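*Asks:* Quick one: the structure is below, questions incoming.
The values are calculated or read from the model by the stated rules, or taken from the named source; none is laboratory data. Just so it is clear, the model here is predicted, and its values are computed rather than measured. Neighbour counts run over all protein chains shown; Cβ positions are idealised from the backbone, glycine included. Just so you know, the surface numbers come from the protein's heavy atoms only, side chains and all, with ligands and any DNA or RNA stripped out. Shrake-Rupley method; radii C 1.70, N 1.55, O 1.52, S 1.80 Å.
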2 protein chains.
Amino acid sequence: MGGVNHGFERLTAQYLFREVAKRRAAYETGHPADEILSLGIGDVTRPLAPPVSAAMAAAAREMATREGFRGYPPAFGYDFLRAAIAARYAARGVSVTPEEVYVSDGAKTDAATLAHLFGDVTVALPDPTYPVYRDAHLLAGHRLRLLPATAENGFLPTPDGLPRTPHVVCLTSPGNPIGVAYDRAGLTEWVDFARGSGSLLVFDAAYEAFLGDTGVHSIFEIPGSRGCAVELGSFSKSAGFTGVRCAWSIFPREVTFDGVPLAPLWERLKSMASNGVAYPVQCAAAAALTPAGLAATEKNVRYYLANARLISRALRGAGVPYVGGEVSPYLWVRCPDGISSWEWFDRCLVLRQVIVTPGVGFGDAGEGYVRLSALGRREIVRRAAARLFGGDTREKAQSSSLMVSYGIKMKNKRLKMTGRSR
Amino acid sequence: MGGVNHGFERLTAQYLFREVAKRRAAYETGHPADEILSLGIGDVTRPLAPPVSAAMAAAAREMATREGFRGYPPAFGYDFLRAAIAARYAARGVSVTPEEVYVSDGAKTDAATLAHLFGDVTVALPDPTYPVYRDAHLLAGHRLRLLPATAENGFLPTPDGLPRTPHVVCLTSPGNPIGVAYDRAGLTEWVDFARGSGSLLVFDAAYEAFLGDTGVHSIFEIPGSRGCAVELGSFSKSAGFTGVRCAWSIFPREVTFDGVPLAPLWERLKSMASNGVAYPVQCAAAAALTPAGLAATEKNVRYYLANARLISRALRGAGVPYVGGEVSPYLWVRCPDGISSWEWFDRCLVLRQVIVTPGVGFGDAGEGYVRLSALGRREIVRRAAARLFGGDTREKAQSSSLMVSYGIKMKNKRLKMTGRSR
């Protein structure tokens, strides 16, 4: 009896970013002289902080010496990095031991690997969601229960209405694609639900650096969470590591699901599924947690947040409803005139030559929204926001014509890629 | 309905290397002055080649510049590295396009991820085997059919006796833990079986560099394989990347299983399960494939093979039956007097202060054997081989007393960790 994994049939095609790229390419072919600006990018653009880069380069050189060469890294990370991550939690008043920190090459890897911890479970997921949470659990054959993030619940789903039975609940805060964060009361409600129902919280804190000195950075700030929650953290957005690849998970010693301690299973799974993270990468990550590294990487976060304020001001000026951008690089913006995510994508591309990310690409409940990212370079973000929403006098002509585009009634569902108003 | 993955119950504890470490530690505690030498290590020890280290350091520095910064790597690898790997195949007369090359952070990661391609399948595996093949498929709920590697079949299982039904067949050549390699006839037999039965071959070529100018380096050297085989390659043992983490898989466009083209599923799975490999790591890997990089890394392989010849000579001198060590850093050695793998491990540790790897740790059919590794430093390998099997006049006294230890009749199954003959 042969057979490929039938879980693949449950996955949608990886439509979103491929389709964005396809439509952009189609437009560019027809208009090679146009400059397209992107607010679609979910990737950082600031260079690595100098101490981080220097630590990685030094480790690379060390590996060419007889004394400094290192082979297989420890399966769960070098002690120096596990300790540095634990110390970062301690600095926020959260008690996590180095042995509860598991280093990996990315939060996405961890999120996908996590799915294999579970058997016949129901996974509760915000809709829209970062896609790996949906895809990994569908592929593993799990049931999904979607929790719509809507204007009514402030785009932060609560456990209200969820049966008090064991779920695996995947929460991202600050969110992606919706750049809003749970407060202490909201997370306490989830921890209480988990404790009362025998559920497990998988808390994705990849964007916690954008909270600055406010908000809840770790689920382990919430009393009672250590028995019912695990956490994913990442250097990707805090220290600009999307091209360096380093992240971590926290599995408290006492966390269980279905009565089974999870840390030993996680250790078994991780040491089966990977041979660990490169030594120079771990040195770079540790450097990002030194005072000099933190100062440099926090500067980058402030840069992106200043970008986000630029977009926010433009949105408010144009009277466009949105959330996010305060403790996140992402803004979640309502499409005008009740049009669809892809329709607005087309208008932004064709009429303004700006790339946005259709919200529906992250889940059905994202229909009618787009995600704007502030992770680009200042000048690009400024000009793109001006093109879309005005506020930049140098592009007045364009912004006023954009306002016109809000009133356009599209004759055909598919916009021809040849028309331009500029 | 909650539940952890019941597949965990099918896994044995990660006994092997932990148990080795435990017994070593117990001995060391009792004999702190003794110097223990290891032939157990499955990890490289030679430093990175200078051009490789330099490329990685340069890329790390580049990432700190505005112009040189790179965010998320392409999901399947940078074009420069995919092309360099394809060119390496072309140099051996094997036609693989860059688009068929998928870069990853390790062959182990790929081997584990691969299991999720399949549904309800039977996986045919050599016994003993590199553990991830057994564990990942057990965890995924697949059936295993073990193919004992024995002296009778030259430690190279054939398809003889396998039902001609679709299997996923995982082969490693040169092997791990048994350091022998299939020849062209042997692999042709497997390709013929796969074509005739609708099976898929997963060919692990992580040790191909040890073949030098002989043997079959890629399953795609065998006619007809492109429709029924995928391949895993690695920089770990060729270029000493166990601490750098870079590998690749080859999925030919035409490869199918159960009538389904596999490359699109692999792309979906890989882009779900990872965000790719660090740019500096990929630069290092590309440097390892330049003429200067190849010259330097081939020198390291020759160094390990010279170590293996040292061990081989000692084994032959002592009349101990073994295979391997010619096109592999591993030697597979028959335990004396019909004793078990762990019994001989204990004797080697207690009587000779040398670490070996019990063959039974890789599968039941490995009982009665140990794996010796030539990946250590020359001086350590030389002295360990002399301690175990004689041949080094400087350690004559020890080698002759070792010969005595061959005749020891163990009174108790568990050797007391206090007795020493030296």
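*Asks:* For the stretch B:189-221, what are the residues that are over 19 Å from B:ALA124 (Cβ atoms) and not in a loop (DSSP other than H, G, I, E, B)?
*Replies:* Listed by number, the residues that qualify are B:GLU208, B:ALA209, B:PHE210, B:LEU211, B:PHE220, B:GLU221.
*Asks:* Can you tell me how many residues within the stretch B:1-24 are out of contact with any strand residue (DSSP E or B) (no Cβ under 8 Å at 6 or more places or on another chain) and of a type in the set (Gly, Ala, Ser)?
*Replies:* Qualifying residue count, the stretch B:1-24: 3.
*Asks:* Failed condition for B:ASP34, given (1) farther than 16 Å from A:ARG245 by Cβ; (2) open to solvent by less than 40 Å² (accessible area, probe 1.4 Å); (3) at the interface with chain A (Cβ under 9 Å from one of its Cβ atoms), with all others met?
*Replies:* Failing condition for B:ASP34: (3).
*Asks:* Right, here's the next one. Considering only the stretch A:91-107, how many residues are in contact with a strand residue (DSSP E or B) (Cβ under 8 Å, 6 or more places away or on another chain), of a type outside the set (Val, Ile, Thr) and either open to solvent by 50 Å² or more (accessible area, probe 1.4 Å) or not in a loop (DSSP other than H, G, I, E, B) (or both)?
*Replies:* Residues that pass the stated criteria total 4.
*Asks:* Another question, then. Looking only at the stretch A:271-282, count every residue that is in a helix (DSSP H, G or I) and either modelled with pLDDT under 95 or on the phi > 0 side of the Ramachandran plot (or both) and tell me the total.
*Replies:* 3
*Asks:* OK, next. Checking the conditions here, which among B:TYR304, B:TYR322 is open to solvent by 40 Å² or more (accessible area, probe 1.4 Å) and within 21 Å of the chain's Cα centre (by Cα)?
*Replies:* Result: B:TYR322 is the single residue among B:TYR304, B:TYR322 that is open to solvent by 40 Å² or more (accessible area, probe 1.4 Å) and within 21 Å of the chain's Cα centre (by Cα).
*Asks:* Kindly indicate which of B:LEU294, B:LEU232, B:LEU305 is touching a residue at least 40 places away in the same chain (Cβ under 8 Å) and part of a helix (DSSP H, G or I).
*Replies:* Criteria check complete, one pass: B:LEU305.
*Asks:* I would also like to ask the following. Looking only at the stretch A:77-90, filter to residues that are hydrophobic (A, V, I, L, M, F, W, C) and open to solvent by 30 Å² or more (accessible area, probe 1.4 Å); which one of those is nearest to the other protein chains (Cβ to nearest Cβ)?
*Replies:* Looking at the filtered set, the residue picked out is A:PHE80.
*Asks:* Take B:VAL281 and decide whether it is touching a residue at least 12 places away in the same chain (Cβ under 8 Å) and either touching a strand residue (DSSP E or B) at 6+ places or on another chain (Cβ under 8 Å) or among the basic types (Lys, Arg) (or both).
*Replies:* No.
*Asks:* Also, quick follow-up: Of all residues in the stretch A:133-161, which are part of a loop (DSSP other than H, G, I, E, B), among the aliphatic types (A, V, I, L, M) and in contact with a helix residue (DSSP H, G or I) (Cβ under 7 Å, 6 or more places away or on another chain)?
*Replies:* A:ALA140, A:ALA149, A:LEU156
*Asks:* Can I ask one more? Which of the numbered conditions does B:ALA285 fail, given that it passes all the others? Conditions: (1) at pLDDT 95 or above; (2) more than 24 Å from the chain's Cα centre (by Cα); (3) within 14 Å of chain A (Cβ to nearest Cβ).
*Replies:* (2)
*Asks:* For the stretch A:168-188, which residues satisfy the criterion of being assigned to a strand (DSSP E or B) and either closer than 14 Å to A:ASP127 by Cα or open to solvent by 30 Å² or more (accessible area, probe 1.4 Å) (or both)?
*Replies:* Residues satisfying the conditions are A:VAL169, A:CYS170, A:LEU171, A:THR172.
*Asks:* Within the stretch A:37-51, can you find the residues that are within 19 Å of the chain's Cα centre (by Cα) and open to solvent by 50 Å² or more (accessible area, probe 1.4 Å)?
*Replies:* Result: A:ILE41, A:ARG46.
*Asks:* Within the stretch A:152-170, work out how many residues are over 30 Å from A:VAL4 (Cα atoms), free of Cβ contacts under 8 Å to residues at least 60 places away in the same chain and not acidic (Asp, Glu).
*Replies:* Qualifying residue count for the region: 10.
*Asks:* For residues in the stretch A:119-129 being open to solvent by 10 Å² or more (accessible area, probe 1.4 Å) and within 11 Å of chain B (Cβ to nearest Cβ), which is nearest to A:SER225 (Cα to Cα)?
*Replies:* A:THR122
*Asks:* Another question, then. Could you say which residue among A:ALA13, A:ALA58, A:ALA54 is within 30 Å of A:ALA140 (Cβ to Cβ), of a type in the set (A, V, I, L, M, F, W, C) and open to solvent by 30 Å² or more (accessible area, probe 1.4 Å)?
*Replies:* A:ALA13
*Asks:* For the stretch A:40-67: of the residues being closer than 17 Å to A:LEU81 by Cα and not hydrophobic (A, V, I, L, M, F, W, C), which is nearest to the other protein chains (Cβ to nearest Cβ)?
*Replies:* Across the stretch A:40-67, the extreme among qualifying residues is A:SER53.
*Asks:* A further question on this structure: Filter the stretch A:151-183 down to the residues that are among the polar types (S, T, N, Q) and more than 24 Å from A:THR214 (Cβ to Cβ) and list them by number.
*Replies:* Selection gives A:THR165 alone.
Condition check ((1) of a type in the set (Phe, Trp, Tyr); (2) surrounded by 21 or more Cβ atoms within 10 Å (Cβ to Cβ); (3) closer than 30 Å to A:ALA64 by Cβ) across all residues:
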position	(1), (2), (3)
A:THR297	no, yes, yes
A:ARG316	no, no, no
A:TYR330	yes, yes, no
A:VAL370	no, yes, no
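*Asks:* In the stretch A:139-170, what residues are β-branched (Val, Ile, Thr) and more than 14 Å from chain B (Cβ to nearest Cβ)?
*Replies:* Selection gives A:THR150, A:THR158.
*Asks:* Pairs under 7 Å by beta carbon, first residue facing another protein chain (nearest Cβ under 8 Å) in the stretch B:1-28, partner charged (D, E, K, R) and open to solvent by less than 90 Å² (accessible area, probe 1.4 Å), six or more apart or different chains?
*Replies:* Short answer, once both residue conditions are applied: B:MET1/A:ASP120; B:GLY3/A:ASP120; B:PHE8/A:ARG268; B:LEU11/A:ARG268; B:LEU11/B:ASP135; B:GLN14/A:ARG268.
*Asks:* Looking only at the stretch B:181-198, how many residues end up being within 14 Å of chain A (Cβ to nearest Cβ) and either without any contact (Cβ under 8 Å) to a residue 24 or more places away in the chain or under 20 Å from the mean Cα position of the chain (by Cα) (or both)?
*Replies:* 0
*Asks:* For the stretch B:120-132, what are the residues that are of a type outside the set (D, E, K, R) and either assigned to a strand (DSSP E or B) or free of Cβ contacts under 8 Å to residues at least 24 places away in the same chain (or both)?
*Replies:* Correct list: B:THR122, B:VAL123, B:ALA124, B:LEU125, B:PRO126.
*Asks:* Just checking, which of A:THR256, A:THR165 is open to solvent by 10 Å² or more (accessible area, probe 1.4 Å), out of contact with any Gly (no Cβ under 7 Å at 6 or more places or on another chain), at pLDDT 95 or above and hydroxyl-bearing (Ser, Thr, Tyr)?
*Replies:* A:THR165
*Asks:* Report yes if B:VAL260 is without any contact (Cβ under 8 Å) to a residue 12 or more places away in the chain, over 25 Å from A:THR242 (Cα atoms), within 14 Å of another protein chain (Cβ to nearest Cβ) and not acidic (Asp, Glu), otherwise no.
*Replies:* yes
*Asks:* Let me ask something else. Working carefully through the options A:PHE241, A:PHE220, A:PHE210, A:PHE235, find the one that is within 9 Å of chain B (Cβ to nearest Cβ) and either crowded, with 24+ Cβ neighbours inside 10 Å or of a type in the set (Phe, Trp, Tyr) (or both).
*Replies:* Exactly one of A:PHE241, A:PHE220, A:PHE210, A:PHE235 is within 9 Å of chain B (Cβ to nearest Cβ) and either crowded, with 24+ Cβ neighbours inside 10 Å or of a type in the set (Phe, Trp, Tyr) (or both), namely A:PHE241.
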